[in-house]
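The values are calculated or read from the model by the stated rules, or taken from the named source; none is laboratory data. Nothing here was measured: the structure is a model prediction, and the numbers come from that model. As a convention, Cβ positions derive from the backbone with ideal geometry for all residues, glycine included, and neighbour counts pool all protein chains shown. Surface accessibility is based on the protein's heavy atoms, side chains included, excluding ligands, DNA and RNA. Shrake-Rupley method; radii C 1.70, N 1.55, O 1.52, S 1.80 Å.
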Amino acid sequence: MRAFDYVPEEGAGEVEKKFPGNNSIWYNTTGGQLTMQSSPTDANITNHIFGACANGQCYSLYAIEFDAAVTTINQLAFYNQSTLETIYLPHSVKSIGQAAFATTGLKEVHIGSGIENIGPYAFTNSSDIQKIYIHDTTPPTLDDSAMLCDSPTGGYSYIGALIYVPESAVETYKQHASWMPYANYIVGYDFINGE
């Protein structure tokens, strides 16, 4: 999987899956197009669908497009979206708000290189998440509650996802106070060659 900025023209058909431009959020879902529950008030929003191919598989990706750069995913933006499976947040996103992706059906999360803060309960109870890709070599601040789920024995436990970060930043993440509890889940990834 390659990861460069690229926004296909509407109706462009099958394209190699790449990373969204700063005015888009890309996602895949079993339930069709989504509407953000909490979205920026200073930007017009449109939705469209395009085909994408990666690793020999083709499927539909959806795009929520803004008329300005997306810098914040607001609190509760995708809360309780049970059909949401994959999300791609562009490099312009600096902050993920409280419970923005809590209680979703997410399995895979792609976060761009501009991320600075992941807020409280951001991915809480999205226990299907298997992979989180973070493009930034500088670890963002991660709230203690951001990636927890209800534990069958009471309390909370980590959602259990592998966390893929740039190969050069693995030790930096593992030693960062916010990420140290998840050190065993942090893996190096080549974002250029997809390995």
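Looking at 121, 158, 173 in this structure, which one is in contact with a Ser or Thr (Cβ under 6 Å, 6 or more places away or on another chain), among the hydroxyl-bearing types (Ser, Thr, Tyr) and either at pLDDT 95 or above or under 27 Å from residue 36 (Cα atoms) (or both)?
Only one candidate passes the filter, namely 121.
Looking at (1) open to solvent by 10 Å² or more (accessible area, probe 1.4 Å); (2) of a type outside the set (Phe, Trp, Tyr); (3) part of a loop (DSSP other than H, G, I, E, B); (4) touching a Gly at 6+ places or on another chain (Cβ under 7 Å), which one does residue 93 not meet, given that it meets all the others?
Just one mismatch for residue 93, condition (1).
Within the range 164-185, can you find the residues that are more than 17 Å from the chain's Cα centre (by Cα), open to solvent by 60 Å² or more (accessible area, probe 1.4 Å) and under 19 Å from residue 130 (Cβ atoms)?
Hits for the range 164-185 are 181, 184.
Just name the residue that is modelled with the highest pLDDT out of those in the range 186-195 that are open to solvent by 20 Å² or more (accessible area, probe 1.4 Å) and of a type in the set (A, V, I, L, M, F, W, C).
Applying the filter and picking the extreme gives 187.
Search the range 120-132 for residues being within 13 Å of the chain's Cα centre (by Cα) and either buried (at least 19 other Cβ atoms within 10 Å of the Cβ) or among the hydrophobic types (A, V, I, L, M, F, W, C) (or both), and hand back the single one that is farthest from residue 78 (Cα to Cα).
Out of the qualifying residues, it is 132.
Tell me, please, whether a residue that is under 15 Å from residue 94 (Cα atoms), within 12 Å of the chain's Cα centre (by Cα) and in a loop (DSSP other than H, G, I, E, B) can be found in the range 139-159.
Within the range 139-159 (the criterion being under 15 Å from residue 94 (Cα atoms), within 12 Å of the chain's Cα centre (by Cα) and in a loop (DSSP other than H, G, I, E, B)), the answer is no, since none of the residues qualifies.
Find all pairs meeting these conditions: Cβ atoms under 9 angstrom apart; at least six residues apart or on different chains; first residue within the range 168-195 and among the polar types (S, T, N, Q); second residue part of a strand (DSSP E or B).
Pairs that qualify, where the first residue is among the polar types (S, T, N, Q) and the partner is part of a strand (DSSP E or B), are 168/188; 172/165; 178/118; 178/141; 178/142.
When you scan the range 11-25, how many residues do you find that are modelled with pLDDT of 85 or more and small (Gly, Ala, Ser)?
2
So which of 28, 55, 44 is modelled with pLDDT of 80 or more, out of contact with any helix residue (DSSP H, G or I) (no Cβ under 9 Å at 6 or more places or on another chain) and surrounded by fewer than 20 Cβ atoms within 10 Å (Cβ to Cβ)?
After ruling out the rest, the residue left standing is 28.
Give the residue that is surrounded by the fewest Cβ atoms within 10 Å (Cβ to Cβ), with candidates limited to residues of the range 133-163 that are farther than 17 Å from residue 117 by Cα and hydroxyl-bearing (Ser, Thr, Tyr).
If we take residues in the range 133-163 being farther than 17 Å from residue 117 by Cα and hydroxyl-bearing (Ser, Thr, Tyr), then 153 is surrounded by the fewest Cβ atoms within 10 Å (Cβ to Cβ).
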